[in-house]
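Enquirer: Once you've had a glance at the structure underneath, I'll fire off some questions.
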Amino acid sequence: MNSDDRLGKMFSQQKDFMDLLVEKRSFPKFPLDLTKKDSQIFVKSVVFEATGELYEAIIELKNSKQHRETELENSLERDKYIEELIDCQHYLIEIALLSGVTIDEFYQAYLKKGETNSKRIKEGY
């Protein structure tokens, strides 16, 4: 499976999960109209959930305290750290789907931004 297929599978799996939430929970039908206040509030709440998952990931970085001189052994539960990153990725894809961002838009924007970032570094940004 190439990387494009993998990204497509991730988007598809998240869409299927969100469809299930629409059917079984009080999850809104999507994509949302982001010009509407309720839609913006909902997306913002999902962004906060994603931020929480990133916070849970950094908690796993036990050697991250700059003021500590000693290094801890077994300072990372790698599986737990990855799990939190994946939780965040689920939310990021959910935000894209809620917002009506297609996989192609997501992919192209990602590549474009990567090129911009590299160009900035090369030019002394």
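The values are calculated or read from the model by the stated rules, or taken from the named source; none is laboratory data. As the structure is a computational prediction, the values presented were derived from the model and not from experiment. Reconstructed Cβ throughout: ideal geometry from the backbone, glycine too, with neighbour counts over all protein chains shown.
Enquirer: LYS65 passes all but one of (1) farther than 24 Å from ASP104 by Cβ; (2) at pLDDT 95 or above; which number fails?
Expert: Unmet for LYS65, out of (1) farther than 24 Å from ASP104 by Cβ; (2) at pLDDT 95 or above: (2).
Enquirer: While we're here: Filter segment 72-100 for residues that are out of contact with any helix residue (DSSP H, G or I) (no Cβ under 7 Å at 6 or more places or on another chain) and acidic (Asp, Glu); which is nearest to THR35 (Cα to Cα)? Explain how you work it out, then say what you get.
Expert: We begin by selecting, within segment 72-100, every residue out of contact with any helix residue (DSSP H, G or I) (no Cβ under 7 Å at 6 or more places or on another chain); these are 72-80, 82-83, 86, 89, 100.
This time we only want the ones that are acidic (Asp, Glu), so: 73, 77, 79, 83.
Values: GLU73: 50, GLU77: 41, ASP79: 39, GLU83: 33 Å.
Residue satisfying both the conditions and the ranking: GLU83.
Enquirer: Then there's this: I need a count of the residues in segment 79-125 that are basic (Lys, Arg) and either in contact with a strand residue (DSSP E or B) (Cβ under 6 Å, 6 or more places away or on another chain) or within 26 Å of VAL47 (Cβ to Cβ) (or both).
Expert: Qualifying residue count for the region: 4.
Enquirer: Just one of ASP16, ASP5 is out of contact with any Lys or Arg (no Cβ under 9 Å at 6 or more places or on another chain), at pLDDT below 95, assigned to a helix (DSSP H, G or I) and closer than 27 Å to TYR110 by Cα; which is it?
Expert: Working: ASP16 fails: at pLDDT below 95.
The conditions single out ASP5.
Enquirer: Restricting attention to segment 27-43, and to residues there that are in a helix (DSSP H, G or I) and under 11 Å from SER99 (Cα atoms), which single residue is nearest to the chain's Cα centre (by Cα)? Let's see the steps before the verdict.
Expert: Initially, segment 27-43 is screened for residues in a helix (DSSP H, G or I), giving 37-43.
Subset that is under 11 Å from SER99 (Cα atoms): 39-40, 42-43.
Values: SER39: 18, GLN40: 17, PHE42: 16, VAL43: 13 Å.
Here the residue is VAL43.
Enquirer: A further question on this structure: What residue, among those in segment 68-106 that are charged (D, E, K, R) and in a loop (DSSP other than H, G, I, E, B), is nearest to ASP5 (Cα to Cα)?
Expert: Residues of segment 68-106 that are charged (D, E, K, R), as a first pass: 68-69, 71, 73, 77-80, 83-84, 87, 94, 104-105.
From the residues that got through so far, the ones that are in a loop (DSSP other than H, G, I, E, B) too are 68-69, 71, 73, 77.
Values: ARG68: 43, GLU69: 45, GLU71: 40, GLU73: 38, GLU77: 29 Å.
Per the stated criteria, the residue is GLU77.
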